[in-house]
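K.L.:
Structure in structure tokens, see below.
The values are calculated or read from the model by the stated rules, or taken from the named source; none is laboratory data. Small disclaimer: the values here were computed from a predicted structure and weren't measured. Here Cβ is always computed from backbone atoms with ideal geometry, including for glycine, and neighbour counts include all displayed protein chains. For accessibility, only protein heavy atoms count, side chains too; no ligands or nucleic acids. Shrake-Rupley method; radii C 1.70, N 1.55, O 1.52, S 1.80 Å.
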Amino acid sequence: MSKSFDITIESLALPSAKVTPEGCGPEIIRAEIANPDAESLSFAANKSFFIETFGCQMNVHDAEKVAGVFLARGYRAAQTIAEADVVLYNTCSIREKAAQKVFSRLGAWRGMADGKIIGVIGCLAQQEGEDIFERAPWVSLVCGSASYRKLPQMVAELEAGGRRVMGLDLDTEETFETEITRRDNPLRAYVTIIEGCDYSCSYCVVPHTRGPERSRPSEAVLSEARRLADAGYTEIQLLGQTVNSYRDPSSRQLGFVELLREVAAVEGIRRVRFTTSHPNDFHREIVEAIDSTPALCDHIHLPVQSGSSRILGAMRRTYTRDEYLEKISWIRAARRPISVTTDVIVGFPGETDKDFEESVTLLDAVGYDGVYAFTYSPRPNTLAKTMPDAIPEAEKSRRLAVLQDRQRQIQIERNNKLVGATFEVLVDTHHAARAQWAGRSTSNLIVNFTSPHQNLLGEYVQARITRAAPFSLVGEQVI
Ligand code: 5AD
Ligand code: SF4
């Protein structure tokens, strides 16, 4: 059974924070946390921190909680990396490129660290461990996400003059709870419901970097949701590497669907999203809950990874193409149209032209609203790394381009059908140069629209679609 602390969440919504998509999907974004007007507390008199985050939404949210650890210790958030006393790289190692990027960031501090504390946290920290100190001796903190609960103690050791601290414990039953979570997105609040992963997909480092699956008690999740609603948030995104594997460790023993319904019932919450779902734990009840609960967003991210049952077997995904398609048929039978997005890996070892073709035909069979496609990247400690019949990089790139091109066509066709429809949009962006506002529909489509109004940020508005593009819709506000 998971243990967990009782939490007090103090949400500090920070409109100034910067989140920059890296173009690889919802889970691959880079966030720079900068410039909150956080108060300086007592003991870290005037010390400041800066966190640069790579990777998935789980990482982005981890950074919000880690920032809370520093704020609670009296640090303030630095405006720039140069002025920070503590610089943390919150890292990703899902693909080789993400890992390389971090080493190049660390390399830039050679001979420049100059009394700063440089730390590496997250997946690459867990993966590389002590070797990071060898490669970059100016680093003094290395901590994987399963050890974040020890961060305050580790920081205290460094403050007391410690030279190096490390937290690489994967053998955990606990989740990371903080007294302060410094939220960077003023409109959408992330809430972790489950950490780690108990699957063992043969290509994936996550079980090695984030540890075993552990769910938070439902009451901890619900009280966080209520606090967020009180703080003015209307949209919550529930997070987990396999979010729908959620099992309440408390005596209430809620399942994922029951938790979804209870979060959606929190007064003031208008939109509940959840990511990422594993097809194996995807049941009809999830579709029924969306169908009957307006606050549950009509969007499901359901990574398929490959359209070939043979490759799915080699990937250890625990389902076949037909089983996956059956789940899609439940979604398509819903009374409320539900958009579906996915992740696909091309060029897995041994993937033949025929296997690849099955991934392309799957796109048509499902009719996805978005696909995040990646070339296979061999990772340390994974089964797939030792598999024969590697696909040459040039061929992987070719397959990626073919798949993306087909999906682009599908999105053009799907989005064209939406011209004339009206969507409720939560406005999150103003494009001053284009005199347009932008936001997301509940189905997570991006809608750019014109409006005679002056300030719509954070508002829910109705927008009628006048034009479709492959990755977004264009419209006008319905007055
Ligand atoms: N190579 C390429 N893509 C990967 N992913 C996970 N591991 C790898 C890998 N070794 C992709 C999967 C997953 C997404 C977050 O990243 O598609 O769903
Ligand atoms: Fe990785 Fe598979 Fe777990 Fe997803 S379900 S995090 S792909 S091991």
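K.L.:
Give me the residue from the range 339-350 that is in contact with a strand residue (DSSP E or B) (Cβ under 9 Å, 6 or more places away or on another chain) and free of Cβ contacts under 8 Å to residues at least 60 places away in the same chain and, out of that set, nearest to ASP389 (Cα to Cα).
P.N.:
GLY347
K.L.:
Taking only the range 361-397 into account, find how many residues are away from ligand 1 (no atom under 16 Å from the Cβ) and within 20 Å of TYR203 (Cα to Cα).
P.N.:
Going through the range 361-397 one residue at a time, the tally reaches 2.
K.L.:
Residues that are surrounded by fewer than 24 Cβ atoms within 10 Å (Cβ to Cβ), in contact (Cβ under 8 Å) with a residue 12 or more places away in the chain and in a loop (DSSP other than H, G, I, E, B): does the range 98-106 have at least one?
P.N.:
So far as the range 98-106 goes, no, none of its residues is surrounded by fewer than 24 Cβ atoms within 10 Å (Cβ to Cβ), in contact (Cβ under 8 Å) with a residue 12 or more places away in the chain and in a loop (DSSP other than H, G, I, E, B).
Quick grid of which residues meet (1) in a strand (DSSP E or B); (2) at pLDDT 95 or above:
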| position | (1), (2) |
| --- | --- |
| ALA13 | no, no |
| ARG30 | yes, no |
| ALA38 | no, no |
| VAL66 | no, yes |
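K.L.:
Select from the range 250-281 the residues that are within 16 Å of ligand 1 (Cβ to nearest atom) and closer than 15 Å to ASP298 by Cβ and list them in ascending order.
P.N.:
Of everything in the range 250-281, those that are within 16 Å of ligand 1 (Cβ to nearest atom) and closer than 15 Å to ASP298 by Cβ turn out to be PHE274, THR275, SER277.
K.L.:
Only one residue in HIS431, HIS453 is under 30 Å from ALA231 (Cα atoms), surrounded by fewer than 16 Cβ atoms within 10 Å (Cβ to Cβ) and more than 25 Å from the chain's Cα centre (by Cα). Which one?
P.N.:
HIS453
K.L.:
Within the range 121-130, is even one residue open to solvent by 20 Å² or more (accessible area, probe 1.4 Å) and out of contact with any strand residue (DSSP E or B) (no Cβ under 9 Å at 6 or more places or on another chain)? Break it down stepwise before answering.
P.N.:
Pass one, the range 121-130, residues open to solvent by 20 Å² or more (accessible area, probe 1.4 Å): 126-128, 130.
With out of contact with any strand residue (DSSP E or B) (no Cβ under 9 Å at 6 or more places or on another chain) added as a condition, the list becomes none.
So far as the range 121-130 goes, no, none of its residues is open to solvent by 20 Å² or more (accessible area, probe 1.4 Å) and out of contact with any strand residue (DSSP E or B) (no Cβ under 9 Å at 6 or more places or on another chain).
K.L.:
Further, regarding this structure: Under 7 Å between Cβ atoms, which residue pairs at least 6 apart in sequence (or on different chains) link something in the range 271-283 that is of a type in the set (S, T, N, Q) with a partner that is more than 15 Å from ligand 1 (Cβ to nearest atom)?
P.N.:
Matching pairs, first to second residue: THR275/GLN237.
K.L.:
Got a number for residues in the range 172-184 being more than 26 Å from ILE118 (Cβ to Cβ) and either assigned by TED's automatic domain parsing to the domain that holds GLN127 or not in a loop (DSSP other than H, G, I, E, B) (or both)?
P.N.:
1
K.L.:
Among the candidates SER306, SER277, which residue alone is buried (at least 19 other Cβ atoms within 10 Å of the Cβ) and touching an Asp or Glu at 6+ places or on another chain (Cβ under 8 Å)?
P.N.:
On the way: SER277 fails: touching an Asp or Glu at 6+ places or on another chain (Cβ under 8 Å).
On inspection, the qualifying residue turns out to be SER306.
K.L.:
Name the residue, out of ILE286, ILE290, ILE300, that is β-branched (Val, Ile, Thr), closer than 30 Å to LEU403 by Cα and touching an Asp or Glu at 6+ places or on another chain (Cβ under 7 Å).
P.N.:
Answer to the check: ILE290.
K.L.:
Restricting the range 197-209 to residues that are within 15 Å of ligand 1 (Cβ to nearest atom) and assigned to a loop (DSSP other than H, G, I, E, B), which is surrounded by the fewest Cβ atoms within 10 Å (Cβ to Cβ)?
P.N.:
SER200
K.L.:
Next up: Residue check: is ILE121 at pLDDT 95 or above, in a loop (DSSP other than H, G, I, E, B) and under 27 Å from the mean Cα position of the chain (by Cα)?
P.N.:
Judged against the criteria, ILE121 is not a match.
K.L.:
Quick check on my filter: what residues within the range 269-299 are within 15 Å of ligand 2 (Cβ to nearest atom) and either part of a helix (DSSP H, G or I) or not small (Gly, Ala, Ser) (or both)?
P.N.:
PHE274, THR275, THR276, HIS278, PRO279, ASN280, ASP281, PHE282
K.L.:
Let me ask something additional. Take GLU174 and decide whether it is touching a strand residue (DSSP E or B) at 6+ places or on another chain (Cβ under 9 Å), within 11 Å of ligand 2 (Cβ to nearest atom) and at negative phi.
P.N.:
no
K.L.:
Within the range 242-259, is there a residue that is surrounded by 22 or more Cβ atoms within 10 Å (Cβ to Cβ), out of contact with any strand residue (DSSP E or B) (no Cβ under 8 Å at 6 or more places or on another chain) and in a loop (DSSP other than H, G, I, E, B)?
P.N.:
No, the range 242-259 contains no residue that is surrounded by 22 or more Cβ atoms within 10 Å (Cβ to Cβ), out of contact with any strand residue (DSSP E or B) (no Cβ under 8 Å at 6 or more places or on another chain) and in a loop (DSSP other than H, G, I, E, B).
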